[in-house]
1. Quick one: compute a quarter of the convex hull surface over the Cα atoms of segment 171-308 and quote it in nm².
2. Using protein chains only and a probe of 1.4 angstrom, how many square angstrom of I309 are accessible, to the nearest 10?
3. What is the spin-label model distance, in nm, from I79 to Y308 if the labels are put 7 Å beyond Cα along the C-beta direction?
4. Sum up the charges of everything whose Cβ sits under 15 Å from the Cβ of D302, counting Lys and Arg as +1 and Asp and Glu as -1, but leave D302 out.
5. Going highest first, how would you order 370-383, 57-70 by mean Cβ packing within 10 Å?
6. Just going by the charge dipole of segment 152-298, with Lys and Arg at +1 and Asp and Glu at -1 on Cβ, which of A176, N245, L298 is farthest out on the positive end?
7. Ranked highest first by the average count of other Cβ atoms within 10 Å around their residues, in what order do 45-55, 103-113 fall?
8. Bin width 5 Å, alpha-carbon pairs only: give the P(r) of segment 272-341 as whole percents, running from 0 to the bin holding the largest distance.
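The values are calculated or read from the model by the stated rules, or taken from the named source; none is laboratory data. What you see is a predicted model, and the numbers here were worked out from it, not measured in a lab. Ideal geometry is used to build each Cβ from the backbone, glycine not excepted, and the neighbour counts take in all protein chains shown. Protein only, heavy atoms only, side chains kept; ligands, DNA and RNA dropped before computing areas. Shrake-Rupley method; radii C 1.70, N 1.55, O 1.52, S 1.80 Å.
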Amino acid sequence: MTMRMTGYQASAVGWILLLLSSGSQDAFAYRSPMMMGTGNTFGRVFRISTWGESHGGGVGVTLDGCPPRIPLTREEVQIDLDRRRPGQSRITTPRNEADAVEIMSGLNPEGVTLGTPIAMLVRNKDQRSQDYLENDMNVAYRPSHADATYDAKYGVRAIAGGGRSSARETIGRVAAGAVARKILKLYNGIEVLAYVSKVQDIETKNVDHDTFTMEDVDSNMVRCPDQEVAEKMLERIDEIRKSGNSIGGVVTCVARNVPAGLGSPVFDKLEADLAKACMSIPAAKGFESGDGFEGTLLTGKDHNDEFYIDPETGATRTRTNRSGGIQGGISNGENIEIRVAFKPTSTIGQAQSTVTRDGKEVELRGKGRHDPCVLPRAVPMVEAMVALTLVDAIMMQQAQCELFPNESPMELQPNPMGSTANGHGKPGMTVPQEQEKEHAGPVSQRIDEE
């Protein structure tokens with residue numbers, strides 16, 4: 001009998017035979033060689049790979065899986081990059097970068113996507129590596145920064161600018177996110193908008209998630225559409241900045257007009273994918289969907305989003321949105337609402353205790369140009385990661401569940417759900433037939449779940 005092996009199986013067998021022939025006692029502690037990338041790629045069908053270091057020649061992204069025949073201009077991408085770039089105001093890093101994007105591939109001369117990989121590059125212009133190499137930061141680890149863990153993992157690190165751990169890496173995400181934003185708009189009029197909802201203990205709860213706009217968000221340097229609260233946030237950030245310290249807070253993101261059905265149980269739930277996407281952003285330390293942790297203070301009766309029939313569209317809707325537009329890991333057609341917590345920037349101008357690479361205890365005071373608060377520039381980063389996740393989820397849904405149309409009779413299909421759906425439901429409480437002759441009451445169900 002002839003046995004055929006895949007390349008991976010042959011590689012694995014080869015490693016085992018080599019260990020056995022060497023007489024190694026570790027033969028049966030064999031570990032499979034790594035056969036895939038190491039954390040620089042995101043997405044399944046709509047995939048991005050970012051590359052470049054903070055003080056290298058440039059940073060960028062390769063976007064694969066973009067649908068063909070989509071009009072796309074450099075200016076559309078540049079809009080989001082301008083919202084992310086440094087040097088926007090006194091509360092962001094003063095590094096002076098234009099962040100001008102160059103689209104290297106994937107478009108024809110008329111500016112239409114070809115369906116082939118789209119490569120986008122932003123060249124670094126204003127690096128000041130001496131801020132890192134000509135002082136103690138050359139050998140000492142910044143507390144709570146990735147300096148130490150990168151060194152522990154790789155045995156070498158890009159000292160100047162933090163390399164890949166720098167927020168400059170997010171340029172590639174935001175550029176690709178701009179493409180995703182265009183696709184979402186064309187597909188179902190989907191909008192992805194984020195804003196700073198909390199700086200330390202200063203919080204706004206006066207933003208209407210159905211109506212606020214990007215113009216409202218960008219109307220002040222904090223990127224909070226509540227002007228009164230934004231002024232208080234700015235005062236706090238300025239106070240912290242002048243003391244050589246940093247401050248954190250929360251970015252809230254809303255996706256409107258998202259159709260029902262996105263996301264897959266069990267391990268690929270939409271909120272799980274969104275959490276992975278947003279928690280991969282530098283300085284992100286927390287994630288909430290819907291009511292999140294506050295929902296634990298409610299009872300089931302108070303927390304449940306009751307369904308009703310929209311009298312104008314006939315679609316199934318929810319009266320409240322404590323689920324944040326996702327139930328059972330699948331979108332329900334209401335606004336998707338998430339929150340991402342960002343820690344204070346690690347590099348600060350105050351003295352801190354730390355250690356050097358060779359294990360000596362020292363005191364370090366941060367040098368260079370850094371954000372006293374990452375939140376204003378994190379807004380387009382969160383928007384980008386949410387947009388990328390949603391496009392990927394839409395393409396997965398199309399591939400699995402919409403490859404063949406549902407040709408069942410209308411009465412056997414579920415009534416369409418969500419704010420953009422048109423259904424055939426009838427508003428008004430329906431009385432079950434068996435109860436018509438008696439008193440009307442709630443429909444009873446026997447539920448037997450583990």
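1. Taking the Cα atoms of segment 171-308, their convex hull projects to 10.9 nm² on average.
2. 40
3. For I79 paired with Y308, the spin-label model returns 3.4 nm.
4. That works out to -1.
5. My ranking of the peptides, most packed first, is 370-383, 57-70.
6. Projecting each Cα onto the dipole axis, the largest value belongs to A176.
7. 45-55, 103-113
8. 3, 16, 23, 21, 17, 11, 6, 3, 1
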